[in-house]
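**Student:** Below is one structure. I have some questions about it.
The values are calculated or read from the model by the stated rules, or taken from the named source; none is laboratory data. What you are looking at is a predicted structure, and each value in this text was computed from that prediction instead of being measured. Cβ placement follows ideal geometry from the backbone for every residue including glycine, while neighbour counts extend to all protein chains displayed.
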Amino acid sequence: MSYCVNCGVELDGSLKECPLCNTPVINPRERDLPPKPSPYPTDKGQVEVVRRKDLGILLAVVLTATGGTCLLLNLLVFSGSLWSLLVIGGCLCLFVFSIPVVFYSKMPVSLTLLLDGISVAVYLFMITYVTKSDVWFWQLGLPTAALVTGLAELLCLLSRYVRFTILSGALSLFVDIPVFCAALELLIRHMMALPLRLTWSAVVLTVCVIIDVALITILAKKRLRNEVRRRLHF
């Protein structure tokens, strides 16, 4: 049994240097002996990378099989309502969401966001066949999907002309949040035939305005901005 003369770690007889501190291992009694085989594997195995095309085929087959089997089950066994539309719509959304990741990675971000918004709107429209009412879709579901898609497209457009950092991205986020909450509350109150005024969204608006003022101050002062980045490791 041998040990490293530098750090004292126990050494295997076949090692030429310490695995901990890289100190050379020299045994005067074994200089003329043939080297011992290494106890560690010499072949570096590597797992074959899954091709994007194969992953796309697998995803498409799984989603198609899920939607198709649920549709048959709905038509042949549980035919009380069109509940299978919820599963089919969910599979459709997952397929559209996975297009830029699995099928076509060069798709523009703006087009990706637009397709995502359309798929969500189609899914919400499918729900109307289960709920037997489309009032909520036209007055709340579709406007909300359009609002979220529009805000996301606006951020995508701004990113082309403005250099986004963590601070500027946080500022954009805290500007979009109160706009979304205020619009959502007004849509809900309009659907319920209530007076159009802000209640809970006013609280969100107040908090976000305070945060926005702080972020704008940090971005406006270079010394303060650099200090925040240094302390928060941005």
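**Student:** In region 59-76, what residues are among the aliphatic types (A, V, I, L, M) and in contact (Cβ under 8 Å) with a residue 12 or more places away in the chain?
**Tutor:** Within region 59-76, the subset among the aliphatic types (A, V, I, L, M) is 59-63, 65, 71-73, 75-76.
Those that are among the aliphatic types (A, V, I, L, M) and in contact (Cβ under 8 Å) with a residue 12 or more places away in the chain: Leu59, Ala60, Leu63, Leu71.
**Student:** Only one of (1) modelled with pLDDT under 90; (2) in a helix (DSSP H, G or I) fails for Ile188. Which number is that?
**Tutor:** With (1) modelled with pLDDT under 90; (2) in a helix (DSSP H, G or I) applied to Ile188, the lone miss is (1).
**Student:** So which residues in region 77-97 are surrounded by 14 or more Cβ atoms within 10 Å (Cβ to Cβ), more than 12 Å from Gly67 (Cα to Cα) and in contact (Cβ under 8 Å) with a residue 40 or more places away in the chain, if there are any at all?
**Tutor:** Leu82
**Student:** Restricting attention to region 188-202, which residues are farther than 18 Å from Thr144 by Cβ and either surrounded by 13 or more Cβ atoms within 10 Å (Cβ to Cβ) or touching a Cys at 6+ places or on another chain (Cβ under 9 Å) (or both)?
**Tutor:** Ala202
**Student:** Any residue in region 205-227 that is outside the structural domain of Ser84 (by TED's automatic domain parsing), within 30 Å of Leu82 (Cβ to Cβ) and either surrounded by 12 or more Cβ atoms within 10 Å (Cβ to Cβ) or at pLDDT 90 or above (or both)? Full working, then the answer.
**Tutor:** First pass over region 205-227, keeping only residues outside the structural domain of Ser84 (by TED's automatic domain parsing): 205-227.
Subset that is within 30 Å of Leu82 (Cβ to Cβ): none.
Looking for residues that are outside the structural domain of Ser84 (by TED's automatic domain parsing), within 30 Å of Leu82 (Cβ to Cβ) and either surrounded by 12 or more Cβ atoms within 10 Å (Cβ to Cβ) or at pLDDT 90 or above (or both), one finds none in region 205-227, hence no.
**Student:** Something else: Here are the criteria: (1) of a type in the set (Val, Ile, Thr); (2) surrounded by fewer than 17 Cβ atoms within 10 Å (Cβ to Cβ); (3) under 27 Å from Phe97 (Cα atoms); (4) not assigned by TED's automatic domain parsing to the domain that holds Cys91. Tell me which single one Ile118 does not satisfy.
**Tutor:** Unmet condition: (4).
**Student:** When you go through (1) surrounded by fewer than 18 Cβ atoms within 10 Å (Cβ to Cβ); (2) among the polar types (S, T, N, Q); (3) within 20 Å of Phe180 (Cα to Cα) one by one for Thr66, which number turns out not to apply?
**Tutor:** Against the list (1) surrounded by fewer than 18 Cβ atoms within 10 Å (Cβ to Cβ); (2) among the polar types (S, T, N, Q); (3) within 20 Å of Phe180 (Cα to Cα), Thr66 comes up short only on (3).
**Student:** Shifting gears a bit: Determine if region 77-88 includes at least one residue that is within 29 Å of Leu113 (Cβ to Cβ) and modelled with pLDDT under 80.
**Tutor:** Scanning region 77-88, I find no residue that is within 29 Å of Leu113 (Cβ to Cβ) and modelled with pLDDT under 80, so the answer is no.
**Student:** Give Ala170, Ala121, Ala193, Ala145 a once-over and let me know the one that is over 30 Å from Ser84 (Cα atoms) and in a helix (DSSP H, G or I). So that I can check it myself, show each step before the final result.
**Tutor:** Working: Ala121 fails: over 30 Å from Ser84 (Cα atoms); Ala193 fails: in a helix (DSSP H, G or I); Ala145 fails: over 30 Å from Ser84 (Cα atoms).
Matching residue, one of Ala170, Ala121, Ala193, Ala145: Ala170.
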